[in-house]
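To start, the structure itself, in structure tokens.
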Amino acid sequence: MSQELLTLIVTHISRPVPGSAHIFFDMQEQPVPDYQVGQFLTLLFPDLGPVPFRRSYSLASTPGVDPQLSICVKRTVNGQASAYLTQKLQVGDILQALPPAGQFVLPETPCPLLLIAGGSGFVPVFALLKAALNRPGNDKIQLLLANRNAESVFFRKELQHLERSHADRLKVFHLLSQATATCEDELKATAHTEVRQGRMSNAWLEFWAEQVLGKQMPEAHAYVCGPPGLMLKASMTLRFLGFGADRLHQEDFIIYTPFRPEASQLPHATIALQFKNKTLSFPVTPGQTLLEGALAAGIELPYSCRSGSCTTCSAQLTGGRVEMYTHNSRVDSDATNGHIFTCVAYPVTPQVQLTIR
Ligand code: FES
């Protein structure tokens with residue numbers, strides 16, 4: 001049983017910063033899929049490495065604002081897929097992808113927003129920013145961008161345009177670790193734009209967030225995407241300031257190798273699966289994840305990172321129990337109300353029932 005795939009034709013490639021590619025797609029004989037702003041595409045790479053693999057990239061496009069789907073990629077050290085996308089991909093090439101997925105989306109009703117991003121982490125945050133400014137409501141948006149210098153700021157011109165057109169709602173703070181003498185001139189769009197030399201610390205971030213949000217802190221939603229150090233500092237500080245899981249949204253594409261439990265402690269299990277209006281059954285041997293069991297049985301479930309971070313493989317458990325192991329945690333399905341990720345889920349009961357939508 002195969003999964004639904006999108007066929008994407010590359011129509012244009014631009015370079016927002018050195019070593020990056022902003023890739024625009026048309027669909028091949030398919031309508032543009034419905035998606036929510038802030039979601040990602042999982043691209044399939046069947047021939048790039050010794051074994052087929054997949055990688056997820058945030059959508060830079062915003063539904064209702066941008067007519068074409070687009071992703072934006074920065075080359076990473078030893079990144080086979082990012083090297084291909086930023087150096088070899090050409091207009092006219094065709095890629096295959098899973099439909100857009102992800103939970104890094106805006107709340108349904110407008111509210112004050114605190115956006116924190118670094119490097120290419122600004123890609124999904126920029127999409128959210130365009131959507132927030134484009135929808136009804138007059139809530140304030142505070143954007144903190146951490147970068148090396150002005151040249152490494154993604155979508156610099158587009159951001160300056162938004163700052164000028166929404167000066168009453170959007171305030172941008174650039175924190176640069178290697179600021180140059182000209183960076184203020186290069187980045188300042190309005191009298192409100194702030195440009196500072198420095199690195200983010202927990203104490204500084206706490207001070208900044210309290211200053212820019214003030215009394216709006218309890219109702220604000222925060223969105224964070226960037227390198228691991230930024231993610232860690234921002235999430236620690238925002239939790240300390242009272243942002244719970246319902247108001248703190250994080251997007252993390254770093255792939256960590258997940259821990260594997262001892263197979264001898266686990267049962268042989270039979271899985272009953274509801275998927276695409278069909279009831280399927282497959283075995284999972286001790287030490288196999290649900291995803292591995294399904295793929296071995298020829299059932300093509302959706303997946304990308306295989307490390308428990310991207311959410312592509314989300315499923316709902318309706319019977320039995322599993323345990324999920326990531327690189328730094330073990331979580332029982334009882335603790336998540338049965339919401340699981342099949343790529344890191346090991347059955348701990350001999351019968352497991354689940355549904356994938
Ligand atoms: S495939 Fe990414 S969380 Fe499972």
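Structural remarks
- Modelled FRET efficiency - R0 45 Å, A181 with F240, Cβ distances, 0.05 increments: 0.80
- Accessible area (Å², per residue) of the chain, counting only protein heavy atoms and a probe of 1.4 Å: 47
- Note on the stretch 161-210: the alpha carbon radius of gyration divided by the globular reference 2.2 N^0.38 Å gives 1.23.
- Charge dipole (the stretch 6-101, unit charges on Cβ, about Cα centre) - positive-most of I71, V51, I13: V51
- Computed over Cα pairs, the Kirkwood radius of the stretch 113-251 leads via Stokes-Einstein (0.692 mPa s, 37 °C) to a diffusion coefficient of 220 µm² per second.
- The chain - percent relative contact order, Cα under 8 Å, separation 6 or more: 14
- Neighbourhood net charge (14 Å Cβ-Cβ; Lys/Arg +1, Asp/Glu -1) for M231: 0
- Over all other residues within a Cβ to Cβ distance under 14 Å of S61, the charged ones net out to -3, with Lys and Arg as +1 and Asp and Glu as -1.
- Computed accessible area, I94, all protein chains, 1.4 angstrom probe, square angstrom: 90
- Charges were assigned to the Cβ only: +1 to each Lys and Arg, -1 to each Asp and Glu. The resulting dipole of the stretch 112-203 about its Cα centre is roughly 180 debye.
- Taken as Cα centroids, the stretch 292-357 and the stretch 173-214 sit 41 Å apart, rounded to the nearest whole angstrom.
- Difference of contour (0.36 nm per residue) and Cα-Cα distance, E210 to Q96: 36.6 nm
- Positive-end residue of I340, G320, V123, charge dipole of the chain with Cβ unit charges: V123
- Only Cα pairs under 8 Å and 6+ residues apart enter the sum, and on that basis the relative contact order of the stretch 91-208 stands at 22 percent.
- Residue-count net charge about L43 - beta-carbon cut-off 13 Å; Lys, Arg +1, Asp, Glu -1: 0
- Antiparallel bridges, percent of DSSP beta bridges restricted to the chain (to nearest 5): 60
- For the set V125, V91, solvent exposure ranked by accessible area (probe 1.4 Å, protein chains only) runs largest to smallest as V91, V125.
- Between 0 and 90°, nearest 10: helix 228-240 axis offset from the chain longest Cα axis: 80
- Principal-axis analysis of the Cα atoms of the chain puts helix 156-165 at an angle of about 70° to the longest axis.
- Pairs of Cα atoms farther than 23 Å apart, the stretch 6-101, %: 17
- Theoretical gain in end-to-end length, T7 to D332 [0.36 nm per residue, Cα-Cα removed]: 113.3 nm
- Accessible area per residue (1.4 Å probe, heavy atoms of protein chains only) ranks H12, H268 as H268, H12, with the largest value leading.
- Share of pairwise Cα separations in the stretch 97-146, more than 14 Å, in percent: 54
- Its Cα gyration tensor gives the chain an equivalent ellipsoid, and the semi-axes of that ellipsoid, as √(5λ) in whole Å with the largest first, are 37, 24, 19.
- Computed label-point distance, nm, for sites Q274 and H166 using a 7 Å Cα→Cβ extension: 3.9
- Gain on full extension, evaluated as 0.36 nm per residue between V32 and Y256 minus their Cα-Cα distance, stands at 77.5 nm.
- Whole-percent carbon and sulfur share, accessible surface of the chain, 1.4 Å: 51
- Calculated SAXS-style log₁₀ I(q)/I(0) at q = 0.11, 0.21 Å⁻¹ - the stretch 263-356, Debye, Cα scatterers: -0.25, -0.99
- The order of K276, K130, K88 by accessible area, most exposed first and with a 1.4 Å probe, is K88, K276, K130.
- Degrees between helix 202-213 axis and first principal axis of the chain (Cα, 0 to 90, nearest 10): 70
The values are calculated or read from the model by the stated rules, or taken from the named source; none is laboratory data. These numbers come from a predicted model, not from an experiment. Positions of Cβ are backbone-derived with ideal geometry, glycine not excepted, and every protein chain shown enters the neighbour counts. Accessible surface is based on the protein model in full, side chains and every heavy atom, while ligands, DNA and RNA are left aside. Shrake-Rupley method; radii C 1.70, N 1.55, O 1.52, S 1.80 Å.
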